[in-house]
Amino acid sequence: MLRILPAGPLAGAVTLPGSKSVTNRTLVCAALADGTSTLTGVGDARDIAVMTDGLRALG
């Protein structure tokens, strides 16, 4: 098991390549993070919409 301990709060901006799998992973990370996360340039692929709907359903 890999255990990652938080060193402290993070702040900043990250630019990721435009990919459906990276976008879905980023959506999950944003859903797990405290506070507000803003994603820009998110594509409109079906699997991204399904992930977004699923995360919204979880609250």
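A short reminder: the numbers here are calculations on the coordinates, not readings from a lab. The shown structure was predicted, so the numbers you read here are calculated from the model rather than taken from an experiment. Using ideal geometry, Cβ is built from the backbone for each residue, glycine included, and neighbour counts are taken over all protein chains shown.
Shown here: the chain, whose C-alpha atoms stretch 35, 26, 25 Å along the first, second and third principal axes, sorted largest to smallest.
Please identify the trypsin sites (Lys or Arg not before Pro) of the chain that satisfy two criteria: DSSP loop assignment and at most 16 other Cβ atoms within 10 Å. Which are they?
Of the trypsin sites (Lys or Arg not before Pro), the ones in loops of the chain whose Cβ has at most 16 other Cβ atoms within 10 Å are 3.
Taking other residues whose beta carbon is less than 12 angstrom from the beta carbon of residue 51, and scoring Lys, Arg as +1 and Asp, Glu as -1, yields +2.
Put a plus charge on the Cβ of each Lys and Arg, a minus charge on the Cβ of each Asp and Glu, and nothing anywhere else: the dipole of the chain about its Cα centre is then about 140 debye. Think of the chain as a dipole: +1 on every Lys or Arg Cβ, -1 on every Asp or Glu Cβ, centred on the Cα centre; then among 38, 19, 2, 2 lies furthest on the positive end.
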